[in-house]
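What follows is calculated from the coordinates using simple rules that are stated; it is not laboratory data. Please read these numbers as outputs of a predicted model, since none were measured by experiment. Don't worry about glycine lacking a Cβ; one is built from the backbone with ideal geometry, like all the others, and counts go over all protein chains shown.
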Amino acid sequence: MLERIALHQTRLRTPGLGLDAKGVALGAKGLVLLPSIDRLVAWLSVYTREHSLEDLMPSLEIRLVRSKLGTREITLAFAAESSDRMDRVTETARLVGGMTFTGTSRHFVQYRDAGAPFGYDAGSLLATDAALALYHDKFTQVYESDKDLDLRALLLRLMPHVDPSTMDESGPRFLVAEQGLGPALIHYFVRSRVEGEVSVGEWPPAGAFDEGPVRRYVLRVPELPARMRLLMRTTPGITTFLPVGPGVAVEIGYRHPVALRACPIFDPNGLVLLRGRGDEPWSLDRLPQMGDLRAFARVELRPDEQQTLSVATGTTRPESVRVPLRVLPSTSPWRNVTATWIPTAQLPLLRRMAYALPHQTIARTTIAMTTRGAFLRSPGGIEAVPLGTFFIEIHPQLYIPAGYDVTPAVAPEVLHRALGAPAEQVLFITPDAHALSVDDAAFVPLETALLEAQPWEPLVSDAIQLALAEVPVDLKLTGLGTFPLSGAEPLPPAPAPAALPPKG
Amino acid sequence: MAKPDVGATAERLFRGFVAPLVIGGAMSPGRPIGPRIALAIGDDRPTTDIDLAAHVQLARVRIARKLTPVDRFEGLRAAEWALVAALHDVVQTAHPDLKGVFRSKAPLKLVNLVDQTLDQIPPPASIGDALSRHTLVSRMFEISRTDTVVSWWLGSSEFRGAQPPERLTKWPKVRRVDVASSARPLMSLPEHGAGIDPDRFELAIRGVLAKSPLTDLATAGRDAPRFAWTAETLALAATRAGRTLAVRALAAQPDERVDEALGRATKELMTQGRWKPAAMALDLLGERAMSWAEGALGAAETSAPTIQAGAAFARAAGSFVARRWIAMHGDCFPADERFAILRALEPASTTAAAKELEELLKIATATLPAPTAR
């Protein structure tokens, strides 16, 4: 029998069940009960379409369990951590016909639903030694653990579905060519100027009659030209794979039922190639050394009689043509005005103006206080602070006054390099062609620099909550000694009622 | 035999049992007390820990204020000391060490002593007395023992109500240590290592509840022992103030469970032909139904959930009494409100349980003597 948890309820009967910050009943673990393997695959398929399994993987345990009646079901246990995660898992489980529970060790109660927004608590616990006791509003059931299921083995056993839409997808591809086709394919790519890398993988022989290991060429092509896709797809002995995640690729024309990019269980240093038609996957525990395709280009040597090397006889430095930097007024429109320099005398005006500035301006503006005044920068435009000398950013970390141009008209990169300032210094060239530098680290958000520290008063809400909390009554047993009932004395017998003296 | 030290026993009882029972925390009951000392403690016995005593009094006020505005309680009276001492001994009957090699009947002997203690405790003399007792034992069903089973590669050991020693849990990976803790609520203690028969233990708990009728009603929705009307609970519900407290105490529990318990208990009274006590119980059900109907006026209409037979009977009986009350005294409501209350009560009056109630009332009418004209 389950009980709905009420708002502000603090005491729960189920061991290991607590309340999170939202008041939702939550144990250390979450558990999804699924009736069959195909529902498990459906859950993985739906969940990985929107979310990654990366955060669940460290604690994920998939187990085949058996009820008292002998029915076998599948549990998927994971660290609950927060009600947000549990809500996501529950939505998916509900979609595929699973049920979600929460608990810590053995007793798991139904996770919250629309009928009980704060969750459920077990009214009475089953006295059982079974590995798992589930309490649902429709049933209470105990389960014994049958065996663990390995997620990687399950994913490798799933047959990819036929999906012609993957044939036209762009992006990198893995090509696996049989040993006899490899050299021809490499020369074809080199001739066609297709970039890529190649290695040779070895697989154990298919049967006892094979003489040695099976060798295949594995090519990684960043961008296979569209004109070659059909050829690569239809040539016997060449199989094309589309990477679907780190360390795993699926044959072109097929799609794995689970979004493998969301399942970080394949070693990124290895390679698993999932084939269609029910063929077994090809796996490389560690991808062999890959070489550039161009290294296999045909080698040609010049004749020996030609001069092998032409050596210069001397070098000279170019004559100096340097001229001083000038800043001249310009009629070009102002663009990218993102900084201003406010002299010290105008700082009181900035303080008064701070009360009128909108939040967006305060939030995105940074300020550096120097002995020459304040420098303000705002990537979205500094016009909202109508004070000081405006500057235009012509290069990262380099500003010139708005309405001015520098001469000679060199590129901003050249100008920045000529000034020779370190990367962490922000340079401002003033109208009199004088360069000022401010350390980039000196710029702090304007909103943190604006407010003065206010005295604050601690509130006592936590103390009141602690005082109102009811601590569970925890019975501790101590020894009773050799004669435990020695102090427990019965009442003395009641005096007999007064009787008349015997007759006579 | 040395003379028992009543003061030391009272101090131990207060620190190790009463204070945790009211405030919460680690409860460490000691050796059984017995009726002679329990009844000798007397009124207003001072305790040495003034801060703890003040904390307990504060917690009692908080428990009482869930039902009625009370500002303070007196110290424990003689009957209250005896009541908590009896509960202390009941809990100790489930102590796994009580039953030994040469004392196999010790749990039974102790529970008989508890009966002697309870026989000497008078029923609450007033509503205030009932409330005062309730503040002491209201959390009795929250008493819970944690049993821990430690298993390692060579064996296992169980620790009941005690922490396993650290040496058993060291090197958990090397020794393959597994620690499993289970909560044992009060009513399940006899089934876990105790020498007391569970039915006898439940009987003793019923005896304690009989001496605190408000607690009996305030925990009516419990699983065990199942609620049944007693002379004490009926006496409490028969008074105006007592009925108010009872309705408030019942309202704090899940409706479904309370209705199930009250309906079943009231039906038992009626099938046994105890019409006078049944009338008192029906009054209480009527008041609950009236309060529910008034609350339902402001709430959105929802479909009626499937309920158990006992709960359906309680609602049908409550609806019957409430409709009758409105027929007699309904002028105190405006016409539209009266109509809305009657409409809210209507569904419960047309169920199968309502027909069953009607049959029982026909029997009652036929059985009871007709009123004589004066």
statement: Taking GluC sites (Glu not before Pro) as exposed when in a DSSP loop with at most 11 other Cβ atoms inside 10 Å, chain B has its longest clean stretch at B:75-300
Relative packing of A:86-93, B:132-139, B:172-179, which averages over residues the other C-beta atoms within 10 Å, highest first: B:132-139, A:86-93, B:172-179
Peptide B:68-78 - average C-beta neighbours from other chains (10 Å radius): 0
message: What distance in nm lies between label points placed 7 Å from Cα along the C-beta direction at B:ASP336 and A:SER82?
response: 4.8
message: 5 Å is the cut-off here: which amide hydrogens, built 1.01 Å from N in the peptide plane, fall below it relative to A:HIS136, excluding neighbours closer than 5 in sequence?
response: A:GLN141
- line: Going residue by residue through region A:440-446, the Karplus relation 6.51 cos²θ - 1.76 cosθ + 1.60 with θ = phi - 60° gives ³J(HN,Hα) values, rounded to whole Hz and with x marking Gly or Pro, of 4, 5, 6, 7, 10, x, 4
message: If you average the alpha carbon positions of region A:40-86 and of region A:481-503, how far apart do those two centres end up, in angstrom?
response: 67
task: Using amide H atoms built 1.01 Å from N in the peptide plane, name the residues 5+ places from A:LEU149, or on other chains, whose amide H lies under 5 Å from its own.
output: A:ILE62, A:ARG63, A:LEU64
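If the chain between A:ALA345 and A:GLU424 were fully stretched, how many nm would it gain, using 0.36 nm times the residue separation less the Cα-Cα distance? Before the final figure, lay out the partial values.
Values: separation 79, 0.36 × 79 = 28.44 nm, distance 2.75 nm.
My answer for the length gained is 25.7 nm.
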field: Charge-dipole axis of region A:120-241 as Lys and Arg at +1 and Asp and Glu at -1 on Cβ define it, positive-most pick from A:SER192, A:ALA133, A:PRO160
entry: A:SER192
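Compute the signed sum of charges (Lys and Arg +1, Asp and Glu -1) over the other residues within less than 10 Å, Cβ to Cβ, of A:LEU491. Walk me through the intermediate numbers first.
On the way: positive: B:ARG36; negative: A:GLU489, B:ASP119.
Value of the local net charge: -1.
What relative contact order, as a whole-number percentage, does chain A give when Cα pairs under 8 Å and 6 or more residues apart are counted? Don't skip to the end; give the middle numbers.
On the way: 835 pairs, mean separation 55.1, N = 504.
Normalised by residue count, the contact order of chain A is 11 percent.
Any idea what the relative contact order of region A:1-129 is, in percent, if you count C-alpha pairs under 8 Å spaced at least 6 apart? Present the calculation step by step, with values, prior to reporting the outcome.
Values: 226 pairs, mean separation 52.6, N = 129.
RCO, region A:1-129: 41 percent.
How many percent of DSSP beta bridges within region A:100-185 run antiparallel, rounded to 5? Walk me through the numbers on the way to the answer.
Numbers: 8 of 11 bridges.
Once the DSSP bridges in region A:100-185 are tallied, antiparallel ones form about 75 percent.
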- request: Partner chain Cβ atoms within 10 Å, averaged over the residues of B:89-100 - can you pull that number for me?
  value: 3
- request: Could you give the size of the charge dipole of region B:119-243 about its Cα centre, using +1 on the Cβ of each K and R and -1 on the Cβ of each D and E, expressed in debye and rounded to the nearest 20?
  value: 460
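Shape verdict for region A:1-93, please, from the Cα gyration tensor: rounded (a/c under 1.5), prolate (a/b greater than b/c) or oblate.
Values: a/c = 2.20, a/b = 1.34, b/c = 1.64.
Oblate is the answer for region A:1-93, as a/c is 1.5 or above yet b/c matches or exceeds a/b.
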query: With charges only on Cβ, +1 for K and R and -1 for D and E, what is the dipole size of the protein assembly as shown about its Cα centre, in debye, rounded to 20?
result: 1660
Phi to ³J(HN,Hα) by Karplus 6.51 cos²θ - 1.76 cosθ + 1.60 over region B:174-182, Hz, x for Gly, Pro: 5, 8, 6, 7, 10, 10, 10, 10, 10
task: Rank these for me by crowding, A:PHE391, B:PHE14, B:PHE339, going from fewest to most other beta carbons within 10 Å.
output: B:PHE339, B:PHE14, A:PHE391
message: Just want the ordering: B:MET270, A:MET228, from fewest to most Cβ atoms lying within 10 Å of their own Cβ.
response: A:MET228, B:MET270
task: Calculate one ³J(HN,Hα) per residue across region A:364-377 by plugging θ = phi - 60° into the Karplus curve 6.51 cos²θ - 1.76 cosθ + 1.60, and present them in order as whole Hz with x for glycine and proline.
output: 9, 9, 10, 9, 10, 8, 10, 5, 9, x, 10, 10, 10, 10
Residues A:VAL65, A:VAL190 arranged by fewest to most Cβ contacts within 10 Å: A:VAL190, A:VAL65
statement: Most packed first (mean Cβ within 10 Å per residue), the peptides B:35-41, A:358-364, B:123-129 order as B:35-41, B:123-129, A:358-364
Inter-centroid distance (Cα atoms) of region A:382-443 relative to region B:1-78, Å: 80
query: Quick one: of the DSSP bridges fully inside the protein assembly as shown, what percent are antiparallel, nearest 5?
result: 90
message: Below 8 Å, C-alpha to C-alpha, sequence gap of six or more: please give me the relative contact order for region B:205-354 in percent.
response: 22
task: For B:MET27, enumerate residues with amide H under 5 Å from its amide H, sequence gap 5+ or separate chain, H modeled in the peptide plane.
output: A:ASP474, A:LEU475, A:LYS476
task: Rounded, prolate or oblate: pick one for the protein assembly as shown, where a ≥ b ≥ c are the square roots of the eigenvalues of its C-alpha gyration tensor, a/c under 1.5 means rounded, and failing that, prolate if a/b is larger than b/c, else oblate.
output: prolate
query: DSSP beta bridges in chain A, what fraction antiparallel, as a percent rounded to 5?
result: 90
- prompt: What is the average number of partner chain Cβ atoms found within 10 Å of a Cβ in B:20-31?
  reply: 5
statement: Between the alpha carbon centres of region B:170-244 and region B:338-371 the gap in Å comes to 34
- prompt: For A:ALA249, what charge total do you get from the other residues with a beta carbon under 13 Å from its beta carbon, if Lys and Arg give +1 and Asp and Glu give -1?
  reply: +3
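What does the net charge come to around A:ALA402 if you take all other residues with beta carbon closer than 13 Å to its beta carbon, with K and R at +1 and D and E at -1? Mind showing how you got there, number by number?
Details: positive: A:ARG335; negative: A:GLU383, A:GLU393, A:ASP405.
Taking every Cβ under 13 Å from that of A:ALA402, the sum is -2.
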message: For a test of the definition: using alpha carbon positions, the gyration tensor, and the 1.5 limit on a/c, classify region B:237-357 as rounded, prolate or oblate.
response: rounded
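Quick check on packing: order A:69-75, B:20-26 by the mean number of other C-beta atoms within 10 Å, highest mean leading.
On the way: A:69-75: 14.4, B:20-26: 19.1.
Packing order, densest peptide first, comes out as B:20-26, A:69-75.
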